[in-house]
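Reading through the structure tokens given below for one structure.
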Amino acid sequence: MVSLHFDEIAEIEIDPDRALVYELGWQSWSPSGSYSFKSTSPRPFKKIWQAMAYRPEFVDPSNCFQSDGVLIVNPGDGRPIVSFGVADIQGEIPHILATPKGNKNLVISSNLPIEVRSWPSAVTIEEALSGWADSIVSEMELRPLKAIAPAWCSWYCYWFNVTQNDIIEALGAITKAQLPITTIQIDDGWQKAIGDWAISKRFGDLKSTIAAIKNAGKESGIWLAPFLVGANSQLAEKNPSWILDGADAGFNWNQPLLALDTTANGAMDYLLETFTMLKELGVTYFKLDFLYAGAMEGNRNREVPSEVAYRQAMASIRECVGDEATIVGCGAPILSSVGLVDAMRISPDISPLWDPPEQDLSQPGSRAAILNSRARRALHGRFWVNDPDCLLLRPSIENRELIADAVASTNGLRTFSDPISSLDDWAIAKVHELITPAETAPAVPSPRVASVKDISQPAQ
Ligand code: 9PG
């Protein structure tokens, strides 16, 4: 079980007016950013968002900074930037706290051993994060990053109600308007239930839809949430031993959400049959969502740390769909997904609205999405291709110009999600300008000189 005991790692002196602390949120939707010593960092507005968008196991006091896997401090007094980071990214991910002590000190503590490095040549926290990510990548054998082709996604226009007819209509309109789209990605709505990954009657005929996409010379993408189980699903009723004991994965689709225990006998076989079915239908692009459910704490059938169970399950999915397939992680534990996905959502959902509900930066809203995409720029081109979420370009979108500008300034995945008939001339021009294959080069350069390791003893 995850340790809830925190050991002090270091105490550092800072300039209270200029010091900055960088937090990396645990999963795709968790807020990330640099905060000044005198400010506070985001906490969930509602309890349910703790489980669904922050790190379910750690409810932190408001008087500290908290991060998962790596926390970075710029002391603000001219001394080097210091990173406190996970020692083994393929194992358990430490939760790291930076707690103000008096008015010019920060106490760093962690529930697991961490490595401390100083970054003499990094001028900004972003450069130190780049250097830290470089050092992680240099110890792993990652498959080459892919220049993922541009996609259109059904979610932000058809939501849960998407049908075969909507997809066929969008395909026809994209082809007719000669929009530069390679992949048609069918989002949430095609499945019988969360956990029951069969085709719903309401959607229509998935097989002929995918065949039509192929006939038009395009690729098919699909959404699924492999580790999530709706409490009302048949899976939950028929296979109670596959449910991760003790894990509450939140509430959505009008029902409580449970997590799949991927170590239970038969559970992974079931998932791999699902992926084989989709692959045989011709799906080449998988948006795997709500992946946090695969890395939640709970009593597993096999006793492995939750992050290790998650990595094993993701590796089996990759083996099943093949290296050629594109895997996009979403709602996914950030550092535990390194090496397992081609692209990674690094933001909460984009939305027709600018501000997120209750101003909680883990929730859908373009402002929140843009802030997180900026704060995680350094991960792009190192761990994967960053996915800043879809562009929304139709005239009814609040601040659509700002969304377009923000996406233009990232080199990540380029997708859009409007009904084609809703696009005006400005939007069509933006599709042609911005919907291009993903670039794979890092967006932020590495620091000129490597770090100095172990300035302090890691916790035992
Ligand atoms: C499909 C969507 C889209 C979107 C994903 C993800 O907390 N919630 O209830 C919650 C619902 C949806 C959601 C995130 C959180 O969005 O990011 O792109 O695929 O699922 O349901």
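Each reported figure results from applying straightforward, stated rules to the coordinates on display, with no laboratory input. These numbers were taken from a predicted model, which means no experiment stands behind them. In this analysis, Cβ positions are derived from the backbone assuming ideal geometry, glycine residues included, and neighbour counts consider all displayed protein chains.
Key figures for this structure:
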{"read-out": "Selection within the range 156-192 - touching a residue at least 60 places away in the same chain (Cβ under 8 Å) and closer than 12 Å to Leu224 by Cα", "value": "Gln185, Asp187, Asp188"}
{"read-out": "Test result for Ala51, touching a Gly at 6+ places or on another chain (Cβ under 8 Å), within 11 Å of the ligand (Cβ to nearest atom) and not β-branched (Val, Ile, Thr)", "value": "yes"}
{"read-out": "Elements of type strands (runs of 3 or more DSSP E) contained in the range 244-299, each with 2 or more residues being within 14 Å of the ligand (Cβ to nearest atom), buried (at least 20 other Cβ atoms within 10 Å of the Cβ) and not small (Gly, Ala, Ser)", "value": "283-288"}
{"read-out": "Pair list, Cβ under 7 Å, 6 or more apart: the range 199-224 residue within 18 Å of Asp188 (Cα to Cα), other residue of a type in the set (Gly, Ala, Ser) and assigned to a helix (DSSP H, G or I)", "value": "none"}
{"read-out": "Qualifying position, being within 11 Å of the ligand (Cβ to nearest atom) and hydroxyl-bearing (Ser, Thr, Tyr), among Ser241, Ser154", "value": "Ser154"}
{"read-out": "Selection status of Phe65, touching a strand residue (DSSP E or B) at 6+ places or on another chain (Cβ under 8 Å) and of a type in the set (Phe, Trp, Tyr)", "value": "yes"}
{"read-out": "Matching residues, the range 59-104, being outside any strand (DSSP E or B) and of a type in the set (A, V, I, L, M, F, W, C)", "value": "Val59, Cys64, Ala87, Ile89, Ile93"}
{"read-out": "Residue list for the range 1-58, filter: under 16 Å from Cys330 (Cα atoms) and part of a helix (DSSP H, G or I)", "value": "Trp49, Ala51, Met52, Ala53"}
{"read-out": "Count of residues meeting criterion [more than 21 Å from Met277 (Cα to Cα) and among the hydroxyl-bearing types (Ser, Thr, Tyr)] in the range 226-251", "value": "1"}
{"read-out": "Yes/no for Arg414 being in contact with a helix residue (DSSP H, G or I) (Cβ under 9 Å, 6 or more places away or on another chain), surrounded by fewer than 24 Cβ atoms within 10 Å (Cβ to Cβ) and within 21 Å of Pro437 (Cα to Cα)", "value": "no"}
{"read-out": "Selected residue (criterion: farthest from Ile350 (Cα to Cα)) from residues of the range 157-169 that are within 16 Å of the ligand (Cβ to nearest atom) and hydrophobic (A, V, I, L, M, F, W, C)", "value": "Ile167"}
{"read-out": "The lone exception for Gly102 - which of (1) away from the ligand (no atom under 16 Å from the Cβ); (2) among the small types (Gly, Ala, Ser); (3) buried (at least 24 other Cβ atoms within 10 Å of the Cβ) it fails", "value": "(3)"}
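Here's the yes/no breakdown for (1) at positive phi; (2) in a helix (DSSP H, G or I); (3) buried (at least 16 other Cβ atoms within 10 Å of the Cβ); (4) among the acidic types (Asp, Glu):
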{"site": "Ala173", "(1), (2), (3), (4)": "no, yes, no, no"}
{"site": "Gln178", "(1), (2), (3), (4)": "yes, no, no, no"}
{"site": "Gly189", "(1), (2), (3), (4)": "yes, no, yes, no"}
{"site": "Ser208", "(1), (2), (3), (4)": "no, yes, no, no"}
{"site": "Ala212", "(1), (2), (3), (4)": "no, yes, yes, no"}
{"site": "Gly217", "(1), (2), (3), (4)": "yes, no, no, no"}
{"site": "Ser220", "(1), (2), (3), (4)": "no, no, yes, no"}
{"site": "Glu237", "(1), (2), (3), (4)": "no, yes, no, yes"}
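One line per residue, one yes/no per condition, for (1) surrounded by 18 or more Cβ atoms within 10 Å (Cβ to Cβ); (2) in contact with a Lys or Arg (Cβ under 6 Å, 6 or more places away or on another chain); (3) under 24 Å from Gln255 (Cα atoms):
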{"residue": "Lys47", "(1), (2), (3)": "no, no, yes"}
{"residue": "Gln50", "(1), (2), (3)": "yes, no, yes"}
{"residue": "Tyr54", "(1), (2), (3)": "yes, no, yes"}
{"residue": "Pro61", "(1), (2), (3)": "no, no, no"}
{"residue": "Gly69", "(1), (2), (3)": "yes, no, no"}
{"residue": "Asp77", "(1), (2), (3)": "no, no, no"}
{"residue": "Val82", "(1), (2), (3)": "yes, no, no"}
{"residue": "Asp88", "(1), (2), (3)": "no, no, no"}
{"residue": "Glu92", "(1), (2), (3)": "yes, no, no"}
